[in-house]
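K.L.:
Attaching a single structure in structure tokens format; questions to follow.
The values are calculated or read from the model by the stated rules, or taken from the named source; none is laboratory data. This structure is a prediction, so every number in the text was calculated from the model and none was measured. With ideal geometry, Cβ positions are generated from the backbone for all residues, glycine too; neighbour counts draw on all protein chains shown. Quick note on the areas: whole protein, heavy atoms, side chains included, nothing else; ligands and nucleic acids left out. Shrake-Rupley method; radii C 1.70, N 1.55, O 1.52, S 1.80 Å.
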Amino acid sequence: GRNVKSRKVLTYSMDFLTHFGKYLLMLKGMFSKTDNGMMFWKEYIRQCVDIGIGSLPIVIIISFFLGAVMTVQTAAQLVNPMVPLSTIGIIVRDGMILEFAPTFLSIVLAGVVGSKIASELGNMRVSEQIDALEIMGINTKNYLILPKILGAITTVPMLVGISAVTGIWGGYLVGSWTSVVPAEVFITGIRKDFVVYYINISFYKSFIFAIIISTVPSFYGYYVKGGALEIGKSGTKAVIVSCILILIADYIIAAIAL
């Protein structure tokens, strides 16, 4: 029994090291001179539009209701008359900036953007489009993967900033509409004891999460083997691994920075 367990552990360890090595080699292969600067720029802009503009509606909707739910639930739990109502504004502000905007939003983007990247590259691999590009002497890692990573690094921090503002605004509006917390009291809470460093932490997180969201699905899509079924499986694996890595990175950043 112990020998079987040891073999399984060894097999899993070898699989992990193999995948991690291929992942590092993929990243290394991206950083070479671009064959066609104009085509690379067009692909970069297309990825910025797909990731940024394409994800903007769901980001606004989710962030608005996150702020609204935080306001209503915090007000429902705030039964102690000794605690001022302005505390609701503080909780919504810090919650959106530190956790919900960067982390929760990145998990959503891992599902929306990550699955799209993995399926796009997987389809190109299965249909042998990547092989055709490599035969023509094009560095496919640089041409196909690097614009996606740069596009995510450019747009995800912007989306996180929009998410934080929208969430706080949503909490403000719902608090006013439902008379849970007066508007002037909510604004007082937002302004009270504001720590600018929290914004820096939020953008540090968004930058690291953007790398995870773009590189992990690119890896699973680029190296997919088989047919349409494997493309679906690679997309699922990419989303799961991305979400796990985002949560791990979130804990590490919080433990170091806070």
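K.L.:
Give, rounded to the nearest 20 debye, the magnitude of the charge dipole that the chain has about its Cα centre when Lys and Arg contribute +1 at Cβ and Asp and Glu contribute -1 at Cβ.
P.N.:
So the dipole magnitude of the chain works out to roughly 740 debye.
K.L.:
Also, I was wondering about something else. Determine the dipole magnitude for the range 160-258: charges of +1 sit on the beta-carbon of Lys and Arg, -1 on that of Asp and Glu, nothing else is charged, the reference point is the Cα centre, and the result goes in debye to the nearest 20.
P.N.:
Details: 6 positive and 4 negative charges, 48 e Å.
Once rounded to the nearest 20, the dipole reads 240 debye.
K.L.:
With no solvent and one point on each alpha carbon, what is the Debye value of log10 I(q)/I(0) for the range 36-115 at q = 0.16, 0.20, 0.25 Å⁻¹?
P.N.:
With no solvent term, the Cα-only Debye profile gives -0.71, -0.90, -1.13.
K.L.:
Looking at Cys243, Met158, Val181, which one has the Cα that reaches farthest to the positive end of the dipole of the chain (charges on Cβ: Lys, Arg +1; Asp, Glu -1)?
P.N.:
So the residue we want is Cys243.
K.L.:
Let me ask something else. I'd like the trypsin sites (Lys or Arg not before Pro) in the range 148-207 restricted to DSSP loop residues with at most 15 other Cβ atoms within 10 Å, sorted by number.
P.N.:
Numbers: sites: Lys148, Arg191, Lys192, Lys205; in loops: Lys192.
Those that pass, being in a loop and sparsely packed, are Lys192.
K.L.:
When ligands, DNA and RNA are left out and all protein chains stay put, how many square angstrom of accessible area per residue does the range 83-191 have with a 1.4 Å probe? Before the final figure, lay out each step's value.
P.N.:
Details: 4250 Å² over 109 residues.
On a per-residue basis, 39 Å².
K.L.:
Going by the alpha-carbon gyration tensor, a ≥ b ≥ c the square roots of its eigenvalues, is the range 205-258 rounded (a/c under 1.5) or, if a/c is not under 1.5, prolate (a/b greater than b/c) versus oblate? Provide the component values of the computation, followed by the final result.
P.N.:
Details: a/c = 4.60, a/b = 2.89, b/c = 1.59.
Taking the square roots of the gyration eigenvalues as a ≥ b ≥ c, the range 205-258 is prolate.
K.L.:
Right, another one. Given a 1.4 angstrom probe, I'd like the percentage of the accessible area of the chain that is carbon and sulfur, rounded to a whole number.
P.N.:
Values: 9670 of 13780 Å².
Within the chain, the accessible surface is 70 percent carbon and sulfur.
K.L.:
Taking θ = phi - 60°, what integer Hz values does the Karplus form 6.51 cos²θ - 1.76 cosθ + 1.60 yield along the range 161-176, in sequence order, with x for Gly and Pro?
P.N.:
x, 5, 4, 5, 5, 5, x, 5, 5, x, x, 4, 5, 5, x, 6
K.L.:
Using a 1.4 Å probe and counting only protein heavy atoms, arrange Val196, Val185 so the residue with the most accessible area comes first. Don't skip to the end; give the middle numbers.
P.N.:
Details: Val196 95, Val185 40 Å².
Order by accessible area, largest first: Val196, Val185.
K.L.:
Taking the Cα atoms of the range 162-202, report the difference between the largest and smallest coordinate on each principal axis, in whole Å and largest first.
P.N.:
Principal extents (Cα only, largest first): 32, 21, 10 Å.
K.L.:
Shifting gears a bit: Leaving ligands, DNA and RNA out of it, work out the accessible area of Ser127 with a 1.4 Å probe and give it in Å² to the nearest 10.
P.N.:
Its accessible surface works out to 60 Å², give or take rounding.
K.L.:
By how many degrees, between 0 and 90 and to the nearest 10, does the Cα long axis of helix 115-126 differ from the longest principal axis of the chain?
P.N.:
The angle comes out near 10 degrees.
K.L.:
Which order do Leu121, Leu85 take by accessible area at a 1.4 Å probe, largest first?
P.N.:
Values: Leu121 0, Leu85 75 Å².
These residues rank, largest area first, as Leu85, Leu121.
K.L.:
When you have a sec, figure out the Kirkwood radius of the range 166-258 from all distinct Cα pair distances and drop it here in Å to one decimal?
P.N.:
Numbers: mean 1/r = 0.0607 Å⁻¹.
The answer is 16.5 Å.
K.L.:
Can you give the Kirkwood hydrodynamic radius for the range 80-181, in Å, rounded to one decimal and based on Cα pairs? Provide the component values of the computation, followed by the final result.
P.N.:
Numbers: mean 1/r = 0.0594 Å⁻¹.
That comes to 16.8 Å for the range 80-181.
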